[in-house]
Structure formats: structure tokens, C-alpha cells
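Chemist: Submitted below is the structure of interest, expressed as C-alpha cells.
The values are calculated or read from the model by the stated rules, or taken from the named source; none is laboratory data. Only a predicted model underlies this, so the values are computations on that prediction, with no experimental measurement involved. Counting neighbours? That spans all protein chains shown, and the Cβs are built from the backbone with ideal geometry, glycine included.
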Amino acid sequence: MTSIQAQIFPRTPLLSGDDVAAKREEIRGYFHATLDRYEQLFETLREDEAYYVRSISLRHPLIFYYGHTTTFFINKLLLARLIPARIDPKMESMFAVGVDEMSWDDLNSAHYDWPAVDEVRAYRQRVRAVVDQLMCDMPLSLPIVASSPWWTILMGIEHERIHLETSSVLIRQHELRYVQPHSAWQACRQQGIAPQNSLVTVTSGTVSSGKALTDNTYGWDNEFGQHTAEVAAFQASRYLVSNQEYLGFVDAGGYTTAQHWLEEGWAWREHTQALHPTFWRQQGEKWLLRLMTEEVSMPWDWPVEVNCHEALAFCHWKAAQTQLPVRLPTEDEWVRLYEAANLSEVPRNAQAGANIHLDHGASSCPVNTFAQGDFFDVVGNVWQWTQTPIYPFDGFAVHPHYDDFSVPTFDGRHNLIKGGSWISCGNEALKSARYAFRRHFFQHAGFRYVVAQAPVELPSSHYETDKLLSEYAEFHYGENYFGVANFPATLAQIGIAAMAGKPARKALDLGCASGRASFELAKHFDAVTGIDFSTRFIGQGVQLAEHGVLRYTLADEGELVFYQERTLSGLGLELQRHKVNFLQGDACNLKPIFADYDFILAANLIDRLYDPAKLLSTIHSRLNIGGLLMITSPYTWLPEHTPKEAWLGGFKRDGESVSTLDGLHQILGQHFKLLQGPQSVPFVIRETRRKFQHTLSEVTIWERVA
């Protein structure tokens with residue numbers, strides 16, 4: 001091994017190979033090097049007190065993060081059934097949760113009875129021994145895939161590397177009296193005059209993102225799937241925004257001018273009363289920069305480090321100054337930048353041509369140090385904020401051993417950072433890395449800006465969590481249970497079969513709920529209108545029609561959930577999405593424009609209406625002569641939905657039983673004849689993994705004759 005190789009912090013292992021023994025030792029070495037480096041980070045703390053004083057009010061003290069990464073190993077290995085028992089149940093509970101930063105105005109004053117530093121240090125050594133022994137004994141087959149026990153080992157190592165970076169930020173936010181210099185964490189000493197920034201044109205192109213399941217490196221769940229986008233031409237700043245360039249915003253009163261800030265950002269600014277970046281220090285007329293263990297004279301040619309709110313505000317100010325459409329790049333534009341710079345992954349056995357992976361010291365460096373094509377620092381130096389809130393790629397699926405790594409961030413509040421920083425190691429240093437933080441959060445993160453005419457399209461990332469809506473999403477678009485076919489699809493098939501030889505121009509899905517039958521009917525009809533009283537239900541159909549994907553949580557047991565993704569393409573309905581239109585409406589009081597239909601479906605609707613006779617007595621006027629009306633219902637009449645005097649059946653009259661079918665004949669008989677049915681069609685609604693509703697719906701098809 002050369003001296004350069006010996007100094008390089010090991011890269012994330014490749015998952016394939018021909019030599020099992022060598023791969024086992026490579027992963028063991030990766031594990032120990034990672035834990036060594038993490039423990040070395042905490043040697044920058046001057047005294048034990050530093051472990052228990054919070055660096056910032058929104059995060060736990062550092063003792064939590066010192067213990068958290070090792071308890072993560074134990075908790076995940078137990079979940080994977082790779083070890084038989086806990087090592088220290090108290091620590092593995094105390095250090096398990098509470099990692100994600102809180103809202104900027106959510107002060108947590110909870111008291112924790114933290115263990116002594118030496119206790120946690122000893123615990124870490126016990127965990128290290130357990131994991132090492134497991135790696136020595138556990139069978140290994142190559143390539144390593146997501147279902148492999150070794151994937152869980154790599155998950156723990158890569159998780160520790162994430163916290164190598166996030167803990168370094170907390171140390172940087174500590175009071176100086178709690179930290180001390182360390183030979184392994186030496187900052188860059190280069191600084192000079194900041195270069196004048198300029199714009200470089202990036203041509204249009206197609207970008208593709210998303211790791212395949214067969215990818216040769218470990219990845220977090222949000223990195224897998226498929227995403228393709230057309231990126232219009234844009235201009236991007238040659239350099240990251242330097243401290244010098246950002247000073248112009250500070251000197252112009254940027255922190256006291258509300259018009260430069262979005263509402264959320266200004267609320268943060270008002271709450272914190274910030275007047276400059278958090279790592280800047282002012283001594284009279286002199287500016288200093290706080291690094292991890294020291295303060296230095298301001299290196300004006302280093303990248304500024306700010307949160308997303310500050311980066312956005314700078315862009316708004318810059319746009320006003322230049323009269324150009326200045327903004328942050330999107331994730332897709334960053335990928336296009338990466339390709340335009342002709343970059344490749346960090347070399348495995350040589351220093352990176354970027355300030356990344358701890359290859360060039362323990363801090364940022366001048367923004368004109370690492371040229372990458374026509375740009376500098378597309379990768380490395382500091383993370384770069386993007387305009388894009390994190391979202392799942394098509395085909396996203398959580399890993400069962402870490403089901404809440406990404407999904408809690410799919411809330412529109414966590415923006416993606418790209419490119420990595422000087423301390424981004426392992427998986428973080430890959431092109432495919434996708435990390436996101438709340439917009440008020442501080443990381444070793446800065447930004448570059450773009451000038452682009454193309455509007456920013458924010459992707460959909462929402463997971464439906466409402467119990468009823470999630471149940472209906474699964475009912476319409478999910479699995480079949482107990483051999484019962486999908487109910488809305490079955491109804492559409494029955495209706496389409498009955499329409500043989502008849503015109504198929506327009507169909508109405510009345511009471512469409514989540515909309516599956518509307519899409520199914522669009523296989524046969526030229527246009528389908530889906531109407532439901534509930535805009536929440538319609539939202540699911542609209543989501544599918546506009547984006548082709550629907551995401552929701554599915555109850556497992558108690559508070560546990562599964563994360564589901566359904567796509568129109570996966571259901572064979574992609575070609576129908578532009579033939580369907582969803583609208584909110586009251587079935588008992590429809591607007592006159594809803595007319596001239598060849599087919600109307602009223603599925604499981606009539607026994608949920610406040611006045612079903614009002615609908616049925618006029619519905620002929622909305623249907624063409626010869627058109628078909630399909631009614632399905634389990635006839636579950638309930639007074640909370642329909643006043644008893646408005647029930648169509650299910651009661652005694654003059655001592656005789658009146659069924660709902662009798663009531664349908666009575667109301668529809670003047671304009672319709674019964675063409676088909678009654679026919680019982682079953683459906684199953686899943687509530688939890690072990691609780692289901694099994695129901696029979698009676699189907700009748702009526703032809704308008706007058």
C-alpha cells in the first residue's frame with residue numbers, strides 16, 4: 001500500500017467481488033476505521049462537561065450522539081435477528097430516538113439522566129466487539145443485496161458516517177471553551193482575495209437519477225427508483241457564493257429587509273434576530289469565522305455557510321439587484337451541472353479532485369481551488385442547497401430495517417442538499433447521495449445560484465396518513481385480499497361489457513371516491529368525469545391524474561405502518577390519465593352541465609345520500625336514450641347518513657317488507673328498464689394487517705328507455 005492509500009479514509013465498499021474473504025476483511029476494516037474516526041472527533045471536546053451542554057437548543061447534547069450511533073447497530077441487528085439479545089437496554093432506549101432537529105421555535109427542555117462519558121465509551125467498545133465478531137462469523141455471499149444480513153451491517157456503518165458530519169457541526173456550534181484543537185482535525189490555512197463570480201451557460205439535456213437495486217454501492221431508500229427529467233438551458237455561477245460575495249447582501253441590510261425573505265424564512269429571522277451567517281463573528285470592524293475548534297480571520301474566498309432561508313433570501317436580493325431570474329438550482333439542474341463538469345465518483349485509491357471525504361483537511365477551502373470543468377466545487381467544499389424539497393423517486397420503497405429514514409422528510413419542509421462537504425464520507429460522497437434538512441438547519445452547507453427562465457416545478461412527496469383515506473387508497477389501488485378481485489375495476493368491467501354495441505363517448509363516475517373506476521372506465525370511454533362530495537377523496541384521483549403516482553401509509557398494527565406507492569403505469573392505466581377529470585359535487589344537487597352521458601356509475605352511493613330519491617328521480621335527464629345506469633350498493637341504510645323517511649327500502653310498509661330493489665323499480669320504472677341483475681359483487685376493505693371488512697354489494701344495470 002502506498003503512503004497516499006494509507007492516508008485515505010476508506011471509501012464505501014463495492015458490494016460485488018470474487019473473493020469473499022477479502023470482502024469480509026474490507027468491510028471489517030471499513031467498520032473499524034469509521035468508528036475510530038468518529039471517536040477521534042469527540043476528542044476535540046475539552047472536558048466531560050462539553051458532552052452534556054447543548055450546542056444549540058434544538059438538538060440533544062453531544063453525549064446523545066456519542067451513544068446513538070452504536071445503539072443504532074444493536075437496535076438494527078436485533079430487528080434483523082442477527083443477534084439474540086440487547087447489550088444495555090437502558091442505553092439502547094435512551095439513545096435510540098430524537099435525532100432529527102426540531103422546528104426552530106420548538107424549545108425542548110426535557111431532562112435526561114444521561115450516563116457518564118466513560119460508561120458510553122465502554123459501551124461503544126462492547127458494541128464494537130459484538131459487531132466485529134458477527135462479521136467474522138456471519139456467512140457472506142456476493143453481491144450484497146438489500147435483503148442480505150450484511151446490508152444491515154453496512155447500514156450501521158454508513159449511519160455512523162452521517163453522524164460524523166452532523167456531530168462535527170454541533171461541535172462547531174459549541175462554545176469555544178468546550179473544544180480544543182486536534183492533530184487529526186486541522187483546518188485549511190489557505191485564504192486570499194475572493195474571485196469575481198460569473199455565470200456559465202449549461203446547455204439543455206435529459207437527466208436520469210435513481211439507483212437500481214443491483215447498484216454496486218450501498219444506498220439509502222430515497223436514492224433508489226427511477227427519475228428522468230428534461231432540463232432546460234440555464235446559467236450557473238462558476239463558483240460557490242463566497243463569504244466576500246455574501247458580504248454584499250449583509251452590508252445592504254439583507255437581514256433587516258423582509259421583502260428578500262419568504263414568509264417562513266422571515267419568521268425564522270425574526271425569531272433568531274440573525275444579522276449575519278451563524279458562523280461569522282464580529283470584533284469591532286473585523287470579521288472572524290468560526291471553524292470546528294477555533295476562530296480565524298475571515299477567509300473571504302471560502303464559501304459562505306448558511307441555511308436554506310438565507311440562501312433563498314440572497315437569491316431574491318441578487319435577482320432584484322441584477323433584474324435577472326436568480327434562484328437556487330433544482331436537484332435536476334445540479335445533476336446536469338455534474339454531467340456538464342464531466343465528473344465521476346471519488347477515486348477509491350487516490351485523493352479526490354475535490355474537497356471531500358476528508359482528503360484535504362478539516363474545513364472548507366478557497367472557492368477557486370478545485371476546478372471541475374468550467375466550474376469549481378460542483379462536488380465538495382460545502383453542501384449546496386437546492387430549490388427542491390426531497391421527494392421519493394418512482395419505485396421508492398422503504399427498507400424494513402429503517403422504515404423512517406426518509407418518509408418523515410417527505411413533507412415539503414426538507415430541502416435537498418447536493419455535492420457533499422469536506423467531511424462527507426462513504427455513501428455521502430457519491431453522486432447518488434440525497435440528503436435533506438429543514439430549511440432552518442445548519443450543516444457545512446452553502447450554495448451556488450443559477451439564472452434560469454424555466455419555472456421550478458416542485459415534485460409531489462406527500463404520503464396520505466389519514467386512516468380512512470389510506471384505507472380507500474388501498475381499496476382502490478392496492479392488493480387483492482382473500483381472492484376477491486378489485487371492486488372498482490370489477491364494476492368497470494361489468495359496465496363496459498354491458499355497453500357492448502352502444503356509444504362510448506362520455507361516462508360519469510358518481511361518488512367516485514378515490515377514482516379507480518374512473519380510470520378503468522376510461523379504457524372504453526372517450527372521456528370520464530369523476531364526481532365526489534369529498535374533496536379529500538377526489539384529491540387522490542387528481543394526484544394520480546396529474547402525477548401518475550399515489551403514496552399513502554397502510555396500518556400494520558398499533559402505530560406501525562407500511563409505506564405504499566401505487567402508480568397508474570403499474571396498474572396499466574397510464575394511457576387513461578388524460579381522459580379523466582375529477583370534480584367536487586353533490587350527487588343530489590348536480591349542476592346542469594353534467595349531462596349527455598352514455599354511462600353512469602353510482603357505486604356504493606345511494607345508501608350514503610341524504611335524499612337518494614332526488615338523485616334517482618332526475619338522473620335520466622343526464623343520460624342519453626339507450627344509455628346505462630349502473631347502481632351498486634350493500635344497502636346499508638343508516639340514519640346518520642340518510643333520514644329513515646328517505647330510505648329506498650329496508651323497512652316494512654303496510655305490514656309488507658320493502659327491499660331497496662323494490663324502491664329502485666318504483667323510482668326508475670318510468671324512464672328505465674332493468675337490463676341486468678341483481679348480481680352480488682364482493683369487496684374487501686383492509687383496516688389493519690389482521691382486520692378486514694368483507695361486504696357484498698348488489699349490482700343492477702338499468703337502460704334508459706324514455
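Chemist: Any idea which of (1) under 20 Å from Ala613 (Cα atoms); (2) loosely packed, with under 15 Cβ neighbours inside 10 Å is the one Arg689 doesn't satisfy?
Modeler: Tallying (1) under 20 Å from Ala613 (Cα atoms); (2) loosely packed, with under 15 Cβ neighbours inside 10 Å, Arg689 fails exactly one: (1).
Chemist: Pick out the one residue from Pro408, Pro392 that is buried (at least 24 other Cβ atoms within 10 Å of the Cβ) and in contact (Cβ under 8 Å) with a residue 12 or more places away in the chain.
Modeler: Testing whether each residue is buried (at least 24 other Cβ atoms within 10 Å of the Cβ) and in contact (Cβ under 8 Å) with a residue 12 or more places away in the chain leaves just Pro392.
Chemist: Which residues, counting only those in segment 316-349, are within 24 Å of Tyr30 (Cβ to Cβ) and either aromatic (Phe, Trp, Tyr) or out of contact with any Leu (no Cβ under 7 Å at 6 or more places or on another chain) (or both)?
Modeler: Across segment 316-349, the qualifying residues are Leu343, Ser344, Val346, Pro347, Arg348, Asn349.
Chemist: Here are Glu285, Glu295, Glu264: which of them is among the acidic types (Asp, Glu) and without any contact (Cβ under 8 Å) to a residue 12 or more places away in the chain?
Modeler: Glu285
Chemist: Considering (1) surrounded by fewer than 18 Cβ atoms within 10 Å (Cβ to Cβ); (2) of a type in the set (A, V, I, L, M); (3) closer than 30 Å to Gln180 by Cβ, say which one Met298 fails and leave the rest.
Modeler: Evaluating Met298 over (1) surrounded by fewer than 18 Cβ atoms within 10 Å (Cβ to Cβ); (2) of a type in the set (A, V, I, L, M); (3) closer than 30 Å to Gln180 by Cβ leaves (1) as the failure.
Chemist: Within the set of pairs 6 or more residues apart or between chains, which connect a residue that is closer than 22 Å to Asn368 by Cβ inside segment 227-243 to a residue that is polar (S, T, N, Q) with Cβ atoms less than 6 Å apart?
Modeler: Filtered contacts from segment 227-243: Gln235/Thr201; Ser237/Asn197; Arg238/Ser198; Tyr239/Asn197.
Chemist: Looking at Ala429, is it touching a strand residue (DSSP E or B) at 6+ places or on another chain (Cβ under 9 Å) and among the hydrophobic types (A, V, I, L, M, F, W, C)?
Modeler: When the stated conditions are applied, Ala429 does not pass them.
Chemist: What residue, among those in segment 633-650 that are aliphatic (A, V, I, L, M) and out of contact with any Pro (no Cβ under 6 Å at 6 or more places or on another chain), is surrounded by the most Cβ atoms within 10 Å (Cβ to Cβ)?
Modeler: Ala646
Chemist: Here's something else I'd like to know. On the basis of being in contact (Cβ under 8 Å) with a residue 12 or more places away in the chain and either within 30 Å of Phe410 (Cβ to Cβ) or β-branched (Val, Ile, Thr) (or both), does Trp114 make the cut?
Modeler: no
Chemist: Of all residues being surrounded by 16 or more Cβ atoms within 10 Å (Cβ to Cβ) and of a type outside the set (Phe, Trp, Tyr) in segment 572-582, which is nearest to Asp532 (Cα to Cα)? Just the residue, please.
Modeler: It comes out as Val580.
Chemist: Are there strands (runs of 3 or more DSSP E) fully within segment 543-616 with at least 1 residues that are among the small types (Gly, Ala, Ser) and either closer than 25 Å to Tyr463 by Cβ or at pLDDT 95 or above (or both)? List them.
Modeler: In segment 543-616, the matching strands (runs of 3 or more DSSP E) lie at 549-555, 597-603.
Chemist: Which residue is surrounded by the fewest Cβ atoms within 10 Å (Cβ to Cβ), if the candidates are limited to segment 436-465 and must be more than 28 Å from Val169 (Cβ to Cβ) and of a type in the set (A, V, I, L, M)?
Modeler: It comes out as Ala454.
Chemist: Among the residues that make up segment 20-41, is at least one of them touching a residue at least 60 places away in the same chain (Cβ under 8 Å), outside any helix (DSSP H, G or I), under 24 Å from Ala129 (Cβ atoms) and not hydroxyl-bearing (Ser, Thr, Tyr)?
Modeler: No: segment 20-41 contains no residue that is touching a residue at least 60 places away in the same chain (Cβ under 8 Å), outside any helix (DSSP H, G or I), under 24 Å from Ala129 (Cβ atoms) and not hydroxyl-bearing (Ser, Thr, Tyr).
Chemist: Here is a further query. For Arg439, work out the one condition from (1) within 18 Å of Arg336 (Cβ to Cβ); (2) touching a His at 6+ places or on another chain (Cβ under 8 Å) it doesn't fulfil.
Modeler: Every listed condition holds for Arg439 apart from (1).
Chemist: Might you check whether a residue that is of a type in the set (Lys, Arg), in contact (Cβ under 8 Å) with a residue 60 or more places away in the chain and surrounded by fewer than 16 Cβ atoms within 10 Å (Cβ to Cβ) occurs anywhere in segment 160-177?
Modeler: Scanning segment 160-177 turns up at least one residue that is of a type in the set (Lys, Arg), in contact (Cβ under 8 Å) with a residue 60 or more places away in the chain and surrounded by fewer than 16 Cβ atoms within 10 Å (Cβ to Cβ).
Chemist: Just to check your reading of the model, which residue among Ile600, Ile593, Ile619 is touching a residue at least 60 places away in the same chain (Cβ under 8 Å) and either among the β-branched types (Val, Ile, Thr) or in contact with a His (Cβ under 6 Å, 6 or more places away or on another chain) (or both)?
Modeler: Result of the check over Ile600, Ile593, Ile619: Ile600.
Chemist: Continuing with the same structure: Please go through (1) of a type outside the set (Asp, Glu); (2) touching a Leu at 6+ places or on another chain (Cβ under 8 Å); (3) part of a loop (DSSP other than H, G, I, E, B) for Ala352 and return the number of the only condition it doesn't satisfy.
Modeler: Evaluating Ala352 over (1) of a type outside the set (Asp, Glu); (2) touching a Leu at 6+ places or on another chain (Cβ under 8 Å); (3) part of a loop (DSSP other than H, G, I, E, B) leaves (2) as the failure.
Chemist: On to the next question. Return the residues of segment 183-198 that are surrounded by fewer than 16 Cβ atoms within 10 Å (Cβ to Cβ) and either touching a strand residue (DSSP E or B) at 6+ places or on another chain (Cβ under 7 Å) or over 22 Å from Tyr246 (Cα atoms) (or both); say none if nothing qualifies.
Modeler: Ser183, Ala184, Gln186 - these are the residues of segment 183-198 that are surrounded by fewer than 16 Cβ atoms within 10 Å (Cβ to Cβ) and either touching a strand residue (DSSP E or B) at 6+ places or on another chain (Cβ under 7 Å) or over 22 Å from Tyr246 (Cα atoms) (or both).
Chemist: Still on this structure, please answer the following. Tally up the residues in segment 491-509 that are under 15 Å from Leu605 (Cα atoms) and surrounded by fewer than 24 Cβ atoms within 10 Å (Cβ to Cβ), please.
Modeler: 0
Residue-by-condition table, conditions (1) in a strand (DSSP E or B); (2) in contact with a strand residue (DSSP E or B) (Cβ under 9 Å, 6 or more places away or on another chain); (3) surrounded by 20 or more Cβ atoms within 10 Å (Cβ to Cβ):
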residue: Asn624; (1), (2), (3): yes, yes, no
residue: Ile631; (1), (2), (3): yes, yes, yes
residue: Lys652; (1), (2), (3): yes, yes, no
residue: His665; (1), (2), (3): no, yes, no
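Chemist: I would also like to ask the following. Exactly one of these conditions fails for Ala313: (1) surrounded by fewer than 23 Cβ atoms within 10 Å (Cβ to Cβ); (2) part of a helix (DSSP H, G or I); (3) not aromatic (Phe, Trp, Tyr). Give me its number.
Modeler: (1) is the only condition that Ala313 fails.
Chemist: Please enumerate the residues belonging to segment 6-18 that are surrounded by 12 or more Cβ atoms within 10 Å (Cβ to Cβ) and either farther than 27 Å from Gly361 by Cβ or modelled with pLDDT under 95 (or both).
Modeler: Of everything in segment 6-18, those that are surrounded by 12 or more Cβ atoms within 10 Å (Cβ to Cβ) and either farther than 27 Å from Gly361 by Cβ or modelled with pLDDT under 95 (or both) turn out to be Ile8, Leu15, Ser16, Gly17.
Chemist: Based on what the data block shows, is Phe525 touching a residue at least 12 places away in the same chain (Cβ under 8 Å), over 21 Å from Ile619 (Cβ atoms), surrounded by 21 or more Cβ atoms within 10 Å (Cβ to Cβ) and hydrophobic (A, V, I, L, M, F, W, C)?
Modeler: no
Chemist: Can you name the number of the only condition in (1) over 30 Å from Ser147 (Cβ atoms); (2) surrounded by 17 or more Cβ atoms within 10 Å (Cβ to Cβ) that Val207 fails?
Modeler: (1)
Chemist: Which condition number in (1) in a loop (DSSP other than H, G, I, E, B); (2) at pLDDT 95 or above; (3) not aromatic (Phe, Trp, Tyr) is the one that Met1 fails?
Modeler: (2)
Chemist: Mind checking which residues of segment 668-706 are without any contact (Cβ under 8 Å) to a residue 12 or more places away in the chain and closer than 30 Å to Lys467 by Cβ?
Modeler: Those that are without any contact (Cβ under 8 Å) to a residue 12 or more places away in the chain and closer than 30 Å to Lys467 by Cβ: Lys691, Gln693.
Chemist: Taking Glu345, is it out of contact with any Phe, Trp or Tyr (no Cβ under 7 Å at 6 or more places or on another chain) and in contact (Cβ under 8 Å) with a residue 12 or more places away in the chain?
Modeler: Considered against the rule, which asks whether it is out of contact with any Phe, Trp or Tyr (no Cβ under 7 Å at 6 or more places or on another chain) and in contact (Cβ under 8 Å) with a residue 12 or more places away in the chain, Glu345 comes out as yes.
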